[in-house]
1. Given the structure, is residue 73 open to solvent by less than 80 Å² (accessible area, probe 1.4 Å) and modelled with pLDDT under 85?
2. Kindly provide the set of residues from the stretch 42-61 that are over 14 Å from residue 93 (Cβ atoms) and part of a helix (DSSP H, G or I), ordered by number.
3. What number of residues within the stretch 142-173 are open to solvent by 80 Å² or more (accessible area, probe 1.4 Å) and either β-branched (Val, Ile, Thr) or under 16 Å from the mean Cα position of the chain (by Cα) (or both)?
4. Restricting to the stretch 284-309, what's the tally of residues that are open to solvent by 40 Å² or more (accessible area, probe 1.4 Å) and in a helix (DSSP H, G or I)?
5. Under 18 Å from residue 101 (Cβ atoms) and open to solvent by less than 40 Å² (accessible area, probe 1.4 Å): does that describe residue 177?
6. Across the stretch 161-192, what is the number of residues that are in a helix (DSSP H, G or I) and either closer than 15 Å to residue 240 by Cβ or not basic (Lys, Arg) (or both)?
7. Could you check how many residues of the stretch 87-103 are more than 21 Å from the chain's Cα centre (by Cα) and buried (at least 18 other Cβ atoms within 10 Å of the Cβ)?
8. Determine whether the stretch 197-212 contains at least one residue that is under 19 Å from residue 252 (Cβ atoms), within 24 Å of the chain's Cα centre (by Cα) and part of a helix (DSSP H, G or I).
Amino acid sequence: MAEVKVKMQPPDADPVEIENRIIELCHQFPHGITDQVIQNEMPHIEAQQRAVAINRLLSMGQLDLLRSNTGLLYRIKDSQNAGKMKGSDNQEKLVYQIIEDAGNKGIWSRDIRYKSNLPLTEINKILKNLESKKLIKAVKSVAASKKKVYMLYNLQPDRSVTGGAWYSDQDFESEFVEVLNQQCFKFLQTKAETARESKQNPMIQRNSSFASSHEVWKYICELGISKVELSMEDIETILNTLIYDGKVEMTIIAAKEGTVGSVDGHMKLYRAVNPIIPPTGLVRAPCGLCPVFDDCHEGGEISPSNCIYMTEWLEF
């Protein structure tokens, strides 16, 4: 008599247990999980059962559906954003998530289209809708004045987008930079003259002529010549241009933890100098210490063809 084999079917799993397990996986992998991850973790669950559980979690607003190069991703929804996106369809949620992931550097509509795989007309419609709800905003980038990047409404744009203190409405403030350049040098010159007039020994005079970047920053802030708030990093950028010009030298000393102006136990000191001999042409090459080197390219707001430093160097 032939042996009869009976295929045993696994018992139906509780839908709530499946949903809870998917939520646990999403917490373990906050950047998102694929359907393959779910399948590997729950091999005994049929594909239809997984699909029902995922669709239910999406409809309840507990998961976000994302698209990546490897396929669809499921990610746990942020409770704060859940209320904001209430009533939005999946396409709108997808675009919002892509913009959120871009952070304060923003993302171009072309890249949104690539990541979402949605038609451009649909993306433009979604972007306008999200802007009207004040969930996102469009910001002009100094890297490409005719293009806009999108970011969440409450974010402060990164310096790489706005250009920081040196830009106003995407225009490079060359006059403002020149005024800061002059005032920083004037402060260091005054400090050097005061040190010379002290009539002390040369070593004490030299040490007294140095000023920290914090002292220069404080002096500029007290002058009130800037309409925007300047950081010590901004002032150090200006001081670096003075170093390039051969007007200032810098030294780094060890400093006690917590000393004003120190970073990681070190402090930068600057002093005005009078060069004994003019520097050679190669040393004067402007690009090495240029504060806007990353923004410089042919055809841009800043380019080698309109660079005053490059012109001066070529005429040297």
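1. Answer is yes for this residue.
2. At the first step, the residues of the stretch 42-61 found to be over 14 Å from residue 93 (Cβ atoms) are 42-56.
The answer is 47, 48, 49, 50, 51, 52, 53, 54, 55, 56.
3. Of the residues in the stretch 142-173, 5 are open to solvent by 80 Å² or more (accessible area, probe 1.4 Å) and either β-branched (Val, Ile, Thr) or under 16 Å from the mean Cα position of the chain (by Cα) (or both).
4. Here the count works out to 11.
5. No.
6. 22
7. Residues meeting the conditions: 4.
8. Checked the stretch 197-212: no residue is under 19 Å from residue 252 (Cβ atoms), within 24 Å of the chain's Cα centre (by Cα) and part of a helix (DSSP H, G or I).
The values are calculated or read from the model by the stated rules, or taken from the named source; none is laboratory data. Keep in mind the model is a prediction, meaning the values are calculated, not measured. Please note: Cβ atoms are built from the backbone with ideal geometry, for glycine as well, and neighbour counts cover all protein chains shown. Heads up: the accessible areas ignore ligands, DNA and RNA and are worked out on the full protein's heavy atoms, side chains in. Shrake-Rupley method; radii C 1.70, N 1.55, O 1.52, S 1.80 Å.
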